[in-house]
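Below you'll find the structure, written out as structure tokens, and then a few comments.
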Amino acid sequence: MVKTQKRSNGKKLMKALAAVLCAAFILNFLSVSYAGIITRIKDIARIGGVRENQLVGYGVVVGLEGSGDKNIMTAQSIVNMLKSFDVTLDPKTLKAQNSAAVMVTANILPFMSEGDKLDVVVSSIGDAKSIQGGVLLQTPLKGANGKVYAVAQGPVSLGQLGSSQQSAGGVKLHPLVARIPGGALIEREISSDFVADEKIEIVLNKKDFSTANAVSAAICDKFGEGFARAKNAGVVTVKVPSSFEDNVVGFLAAVESLSVQTDNASKIVINEKTGTIVLGDDVRISPVAISHNGIKLKVAEAPAGAPVQAQAGAAQNQPPAPGNAAAARARGGGEKNIIYLNAGSTVRDMVDALNEMGAYAKDIIAIIQAMKAAGAIQSEIEVI
């Protein structure tokens, strides 16, 4: 009796596990809607002339426990540095295993002032084994114009405790790249000129003519006709009203808080490594017939007046039965694994039907790519 109950519990456990794995597999096919999203202008655009700037510098990390560079470059850097302290050495006689040559990078945000602090990233460029526990010596950080805008210095952090090179989860950490939170001080401000001839530019993060037109229309509805014009798919030119001449910041705050309806072109994103497909609800399928790995898919024009929907048949040439999308298998003599879809059905309908049939992710990805090549899907496909 006990053994029978244990077998029953084991079967229930296996069924539950199978259900979880099946659910996890189906969740790999994600559907999103690209159009009709209401959002603020500040979430989809930035102000022209207001942007980050990249800084870079060459420095030396010292205080390592024999895990530093063994090349002449680092030794020469230390010798050059010591000259400013009236210390003269021969680079060939200097052992630099306790130091490492590094590149220091940072992004300076707009409107940062002198004395503000920046996070910096420190990366080894020599043959060091690790820069953990080291201290970065004073390093000037320059912009693309060669001018110094910040100076970095301080102890490097690999984001871990102890000297182990492996995290608690068993993931091997990278000991040659580290951070210094707040490790750089701004020495020179970068001016951001965002008003020219009493006009500003709103630059869209994702270029789209419909969205640019919607942004222009929203601003005109708020401040009056003619105050905004879509220059192209990515830039909207806005005139500053006379009532805001002395308060441009207040005007920009009002503009950024306006809500618009965004619009984007349909796209299918495929990750072949994980079997994940991300697609929009509005990606339609044109008439086509595909046979792949034992799966047959037929997309045909629906009869006049029939609703556009995905349907499935259990046998070849069998007319689709009314109802929701389903992947029907033949029972009793018909040909198996056939899916019928009305022309105009969405890719999501097809993916749902293939999932219900039990098709593998690689098969679904191959079918989508073949349909794109045949012209049955007009949407852009991006493989990541």
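The values are calculated or read from the model by the stated rules, or taken from the named source; none is laboratory data. Quick caveat: nothing in here was measured; it's all calculated off a predicted structure. Positions of Cβ are generated from backbone atoms using ideal geometry, with glycine treated the same way; all protein chains shown enter the neighbour counts.
Scanning the stretch 252-268 for residues that are in contact (Cβ under 8 Å) with a residue 24 or more places away in the chain and among the hydrophobic types (A, V, I, L, M, F, W, C) returns Leu252, Ala254, Val255, Leu258, Val260, Ala265, Ile268. In the condition set (1) in contact (Cβ under 8 Å) with a residue 24 or more places away in the chain; (2) of a type in the set (Lys, Arg); (3) more than 18 Å from Leu136 (Cα to Cα), Lys92 is compliant with all but (1). Once the stretch 242-284 is narrowed to residues that are touching a Phe, Trp or Tyr at 6+ places or on another chain (Cβ under 9 Å) and within 15 Å of Ala218 (Cβ to Cβ), the residue that is surrounded by the most Cβ atoms within 10 Å (Cβ to Cβ) is Val255. The lone criterion from (1) in contact (Cβ under 8 Å) with a residue 12 or more places away in the chain; (2) surrounded by fewer than 22 Cβ atoms within 10 Å (Cβ to Cβ); (3) over 22 Å from Gly154 (Cα atoms) left unmet by Ala45 is number (2).
Taken over the stretch 340-350, the criterion of being under 13 Å from Ile295 (Cα atoms) and either surrounded by fewer than 19 Cβ atoms within 10 Å (Cβ to Cβ) or out of contact with any helix residue (DSSP H, G or I) (no Cβ under 8 Å at 6 or more places or on another chain) (or both) is satisfied by Tyr340 alone. Taking the conditions (1) under 21 Å from Glu382 (Cβ atoms); (2) modelled with pLDDT of 90 or more in turn, Ser266 satisfies each one other than (2). If you go through the stretch 196-232 and pick out every residue that is under 23 Å from Gly250 (Cβ atoms) and either in a strand (DSSP E or B) or assigned by TED's automatic domain parsing to the domain that holds Ser113 (or both), you end up with 9.
Asn53 satisfies every condition listed in (1) surrounded by 13 or more Cβ atoms within 10 Å (Cβ to Cβ); (2) more than 26 Å from the chain's Cα centre (by Cα) except (2).
A single entry from Gln165, Gln153 fulfils the requirement of being modelled with pLDDT of 90 or more and farther than 23 Å from Lys42 by Cβ: Gln153. Would you pick out the residues in the stretch 99-141 that are within 16 Å of Val61 (Cβ to Cβ) and among the charged types (D, E, K, R)? Matches in the stretch 99-141: Asp127, Lys129.
Of all residues in the stretch 351-365, those that are touching a residue at least 60 places away in the same chain (Cβ under 8 Å) and surrounded by fewer than 21 Cβ atoms within 10 Å (Cβ to Cβ) have Cβ atoms under 7 Å from Cβ atoms of residues that are outside any helix (DSSP H, G or I) and of a type in the set (S, T, N, Q), 6 or more apart or on another chain, in Met357/Asn337; Ala361/Asn28; Asp363/Asn293.
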